[in-house]
Each structure stands twice: as C-alpha cells, then as structure tokens.
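Chemist: Structure in structure tokens, see below.
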Amino acid sequence: MTAPKSPTPVIIRPANSTDLPAIKACFQEYTDWLDEDISFQNYSEEFANLPGKYAPPTGGLILAVDEPSGDVLGCIAFRPLNLDDDFVQSRQGGVRSCELKRLYVYPKARGRQVARKLIQQAIKTAAQIGYDEMFLDTLPKMQPAIGLYKSEGFTLTQPYYYSPLDGVLFFSRPLGSEDAEHGQNTPSYP
C-alpha cells in the first residue's frame, strides 16, 4: 500500500498585469457559482475595468497558484472602503477601512487551506498598507466561508451599505501591526 500523494505547494502572490485573464476567469467562476444578481454593486463595470479599485497602492488582487503547474487555484481582492455617514457616526473616527471581496477557490483546490491562505495574505497586505479595519459581506448559504472568516477574527457587524439580497451578513475585523507581520512578505506590484 502506498501513502496518499500529498498536495503540491501553494504559492500565494500578488497578481500582476499578465494575470488579468486569470483574475477575470476566477471572478467569473465566482459570480457563476454565486448565482445572485450583484449588479447593484456595479459588478459589470468592476469586471470590465480590472484592476480598478483593487489596484495598488490602496487595493490588492491576490492569487493562489499551484507551484509546479502554475495553475491558478483561487483569488481574493480588497479595496478601499468609504463608509456611509450613518455607519461612520456609530464608530470611531479616523479609521482607514477596506473591504475584502471576491474570495473564490476552484473546486479542484478545496481542502488544501487555499482560502485560509488567501484571507491571511489579504489581511497582512491590507495591514501593511495602513488599513485599520477590514469589512466583508457574505450570504448565509456560504457556511464554510463564514466559519473561516470567524476563525480569522471577523465578527458580525451592522450593515455598512444597503444590499437588496436576502439575509446578507456583514463582518468586520480590526487590523493591526501584528497582522502586518504574519504571512508572506509584502507583495510588490509591477
């Protein structure tokens, strides 16, 4: 009997301009899987103008790549977040906020901790840029993702924008200097 083959290493790295087709493919897989109308988020414009708000120095597009094959295993993004005035009034002022978006791991890569690694790198990169807090929204049907977000320090928060989707859950997580030290080195973007 032979031992089960161990998965190949996963590289978590910033996307560059040559990765835009892979990012677009990953985003498309995400929206197909999501099967929700996210037009209220101006998704068509976001997709057409990538990297857009996810571009450095204030945003990030991060890929998970299988080391030997170079196959893209998943993606995540973050962008600056300007919170609604009503939301800001109930919070501490002067906080730089960003929003975690478009986490997706291809089915062939699930079970390899790819999503966790992507989230951890996004947290680290956002903290290194100088963000103080990270927000995200998700749907109740995404229970594995919700558990993962909670295990990475996200907690439920009040809605920070209006969503027409039923049952949207809003999460936030403070970012600090300790977050900037975990994970890989700060990515440089070409």
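The values are calculated or read from the model by the stated rules, or taken from the named source; none is laboratory data. Since the structure is predicted, the reported quantities are computational estimates derived from the model, not experimental observations. Here Cβ is always computed from backbone atoms with ideal geometry, including for glycine, and neighbour counts include all displayed protein chains.
Chemist: Counting just the residues of segment 29-53 that are in contact (Cβ under 8 Å) with a residue 40 or more places away in the chain and within 18 Å of ASP19 (Cα to Cα), which one comes out surrounded by the most Cβ atoms within 10 Å (Cβ to Cβ)?
Modeler: So the residue we want is TYR30.
Chemist: Within the group VAL114, VAL88, which residue is modelled with pLDDT of 95 or more and either surrounded by 14 or more Cβ atoms within 10 Å (Cβ to Cβ) or under 19 Å from LEU34 (Cα atoms) (or both)? Spell out the reasoning first.
Modeler: Values: VAL88 fails: modelled with pLDDT of 95 or more.
It is VAL114.
Chemist: State all residues of segment 146-184 that are of a type in the set (A, V, I, L, M, F, W, C), in a helix (DSSP H, G or I) and within 18 Å of LYS101 (Cα to Cα); if no residue qualifies, say none.
Modeler: Of the residues in segment 146-184, the ones of a type in the set (A, V, I, L, M, F, W, C) are 146, 148, 154, 156, 165, 168-171, 175, 180.
Checking the rest, the ones that are also in a helix (DSSP H, G or I) come to 146, 148, 180.
Listed by number, the residues that qualify are ILE146, LEU148.
Chemist: Another question, then. Are there any pairs, at least 6 apart or on different chains, whose C-beta atoms fall under 9 Å, with the first in segment 166-190 and within 18 Å of ILE76 (Cα to Cα) and the second at pLDDT below 50, and if so, which?
Modeler: That search, which allows pairs on different chains as well, returns ALA180/THR186.
Chemist: Here's something else I'd like to know. Which of the residues that make up segment 165-190 are at pLDDT below 90 and surrounded by 16 or more Cβ atoms within 10 Å (Cβ to Cβ)?
Modeler: Correct list: ASP179, ALA180, GLY183, PRO187.
Chemist: Quick test of your reading of the structure: ALA48 fulfils all but one of (1) out of contact with any Phe, Trp or Tyr (no Cβ under 9 Å at 6 or more places or on another chain); (2) modelled with pLDDT of 90 or more; (3) hydrophobic (A, V, I, L, M, F, W, C). Name the failing condition by number.
Modeler: (2)
Chemist: Can you pull out every residue in segment 146-164 that is surrounded by 13 or more Cβ atoms within 10 Å (Cβ to Cβ) and under 17 Å from TYR43 (Cα atoms)?
Modeler: Quick first cut of segment 146-164, residues surrounded by 13 or more Cβ atoms within 10 Å (Cβ to Cβ) only: 146, 148-150, 152-154, 157, 159-161, 163.
Within segment 146-164, TYR161, SER163 meet the criteria.
Yes/no per residue for (1) out of contact with any Gly (no Cβ under 6 Å at 6 or more places or on another chain); (2) not small (Gly, Ala, Ser):
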| site | (1), (2) |
| --- | --- |
| ASP35 | yes, yes |
| GLY74 | yes, no |
| VAL114 | no, yes |
| GLY130 | yes, no |
| ASP137 | yes, yes |
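Chemist: Step by step: first the residues of segment 123-145, then only those that are in a helix (DSSP H, G or I) and under 13 Å from the mean Cα position of the chain (by Cα), then the one that is surrounded by the fewest Cβ atoms within 10 Å (Cβ to Cβ). Which residue is that?
Modeler: Filtering segment 123-145 for residues that are in a helix (DSSP H, G or I) and under 13 Å from the mean Cα position of the chain (by Cα), the one surrounded by the fewest Cβ atoms within 10 Å (Cβ to Cβ) comes out as ALA145.
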